[in-house]
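Here is the structure we will look at.
The values are calculated or read from the model by the stated rules, or taken from the named source; none is laboratory data. As the structure is a prediction and not an experimental result, all values here were calculated from the model. FYI the Cβ positions are ideal-geometry reconstructions off the backbone, even for glycines, and counts take in every protein chain you see.
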Amino acid sequence: MNLPKVFQNRNINNIDNAQEYFHSVNKTNFSTSTSKINVNDKINRLFQSNKFIYKIKTIIKTRTNEFETIIIGKTNNKLITFDNELIDIKDIIDINEK
C-alpha cells in the first residue's frame, strides 16, 4: 500500500545528533572541586526550593567562621544577605537551611 505524498518522509538522510564532549579531572584537586560543586548545588537548591520567596535563613560555614544569616539574592560569585553584606561563594565550605 502506497502512502499519499502528504504522509511520506522526504528527509531520508542520515542524521547525526550526537554531541561530542570532553571531561577531565585533575586528581590532586579532585576533593576541592567536588566540594565546590556540592556548595554550588546546595545554593542552587536553596533558591529553587518552594520555601524561597524572598529570603532564606541559613547557616554558613566559611574558611574563617560559622554564622547564621538571611540570604536574599545571588550574583555569579557572591551571596547577598539581608544586612546588605556580600559573601564570596568561593569562601563557603558548607551552607544549610536553618
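Couple of notes before you dig in:
- Scanning the range 80-98 for residues that are among the β-branched types (Val, Ile, Thr) and outside any strand (DSSP E or B) yields a count of 1.
- Selection from the range 76-90 of residues that are over 15 Å from the mean Cα position of the chain (by Cα) and surrounded by fewer than 14 Cβ atoms within 10 Å (Cβ to Cβ): Asp83, Asn84, Glu85, Leu86, Asp88
Yes/no per residue for (1) modelled with pLDDT of 70 or more; (2) among the basic types (Lys, Arg); (3) touching an Asp or Glu at 6+ places or on another chain (Cβ under 7 Å); (4) closer than 15 Å to Asn96 by Cβ:
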{"residue": "Asn2", "(1), (2), (3), (4)": "yes, no, no, no"}
{"residue": "Phe7", "(1), (2), (3), (4)": "no, no, no, no"}
{"residue": "Asp16", "(1), (2), (3), (4)": "no, no, no, no"}
{"residue": "Gln19", "(1), (2), (3), (4)": "no, no, no, no"}
{"residue": "Asn44", "(1), (2), (3), (4)": "yes, no, no, yes"}
{"residue": "Ser49", "(1), (2), (3), (4)": "yes, no, no, yes"}
